[in-house]
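Here is the structure we will look at, set down as structure tokens.
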Amino acid sequence: MSNINPMSEGNSRHIDSNQIGVHEKLPALVNRHLRHPSQRPFTEHTVQAFAQAQAWLGDWQGPLILDACCGVGESTTHIANLHPEAKVIGVDKSAHRIDKHEHYSLEQNNALILRADLNDFWRLAVQANWRLTKHFLLYPNPYPKSAHVQRRWHASPAFAEIIKLGGQLEVRSNWQIYIQEFALALQVAGLSAQVNQYQNEQAITPFERKYWASGQPSWQVIAQL
Ligand SMILES: C[S@@+](CC[C@H](N)C(=O)[O-])C[C@H]1O[C@@H](n2cnc3c(N)ncnc32)[C@H](O)[C@@H]1O
């Protein structure tokens, strides 16, 4: 187990937002991103990280799980131990967080944690025809200010790539509106989603543990893509 202090990640006891419900512009934003995929050039470090993922997978045809925004990788290790039949890849852009992943113990060699920008990594995975069995997005940055809606994954160009990767998508957040918005974005894309409050005996990420310790519930959206 890790000795990382999740409280050092900042004090987020509650979500402070000027939004009281789903963002009114969300359906229009989602439609625009679905129609106009990103053409941005790829960052070199993510191209290299993706090549590393491809080399690690080799000719693997079995189940593939992506843990997007894996932070320190605690959830990646947990998911990999829970799914010994699968290969699990954790991706986070923060070198500072990624460097902490060796604190968690992997029962077998079925997880890889990479530093990469998901805006590019997801697009590269779609281009390489990856099909996921499960896709986790646990406690992504909520960007709760209404003006920052486009920084949320479901209102960004990345959303179009996320849904192309298939599998069972599971997103968790301590901000209910984020989860409601994610479900609405899926609905706009023609996909059905299930929203509920999420509880478990064991927290599997530092942020999850931190929120529960301060009395904040988690919300979850699950969709079959
Ligand atoms: C609130 S933290 C949650 C981390 C972890 N899932 C947890 O629950 O402890 C959000 C994470 O998303 C990562 N992130 C944000 N934007 C990203 C991007 N474009 N590519 C990859 N990771 C990103 C951040 O580096 C950060 O580690």
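The values are calculated or read from the model by the stated rules, or taken from the named source; none is laboratory data. Every value quoted in this text rests on a predicted model; they were computed, and no experiment measured them. Neighbour counts run over all protein chains shown; Cβ positions are idealised from the backbone, glycine included. We work out accessible area using only protein heavy atoms, side chains counted, and drop any ligands, DNA or RNA first. Shrake-Rupley method; radii C 1.70, N 1.55, O 1.52, S 1.80 Å.
Results, tabulated for the structure shown:
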{"read-out": "Candidate set from segment 100-134 (those that are hydroxyl-bearing (Ser, Thr, Tyr) and more than 13 Å from the ligand (Cβ to nearest atom)); member that is farthest from residue 43 (Cα to Cα)", "value": "105"}
{"read-out": "Qualifying residue in segment 135-146 (condition: within 15 Å of the ligand (Cβ to nearest atom), free of Cβ contacts under 8 Å to residues at least 40 places away in the same chain and more than 14 Å from the chain's Cα centre (by Cα))", "value": "yes"}
{"read-out": "Filter pass, residue 204 being in contact with a His (Cβ under 6 Å, 6 or more places away or on another chain) and either of a type in the set (Val, Ile, Thr) or surrounded by fewer than 19 Cβ atoms within 10 Å (Cβ to Cβ) (or both)", "value": "yes"}
{"read-out": "Unique match (being in contact with a Pro (Cβ under 6 Å, 6 or more places away or on another chain) and away from the ligand (no atom under 16 Å from the Cβ)) among 188, 195", "value": "188"}
{"read-out": "Qualifying positions in segment 55-68 - open to solvent by 10 Å² or more (accessible area, probe 1.4 Å) and either within 15 Å of the ligand (Cβ to nearest atom) or outside any strand (DSSP E or B) (or both)", "value": "55, 56, 57, 58, 59, 60, 61, 62, 63"}
{"read-out": "Flag if residue 149 is surrounded by 19 or more Cβ atoms within 10 Å (Cβ to Cβ), touching a helix residue (DSSP H, G or I) at 6+ places or on another chain (Cβ under 6 Å), in contact (Cβ under 8 Å) with a residue 40 or more places away in the chain and aliphatic (A, V, I, L, M)", "value": "yes"}
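Here's the yes/no breakdown for (1) modelled with pLDDT of 95 or more; (2) within 16 Å of the ligand (Cβ to nearest atom); (3) open to solvent by 70 Å² or more (accessible area, probe 1.4 Å):
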position	(1), (2), (3)
21	no, no, no
35	yes, no, yes
38	no, yes, no
53	yes, yes, no
70	yes, yes, no
78	yes, yes, no
89	yes, yes, no
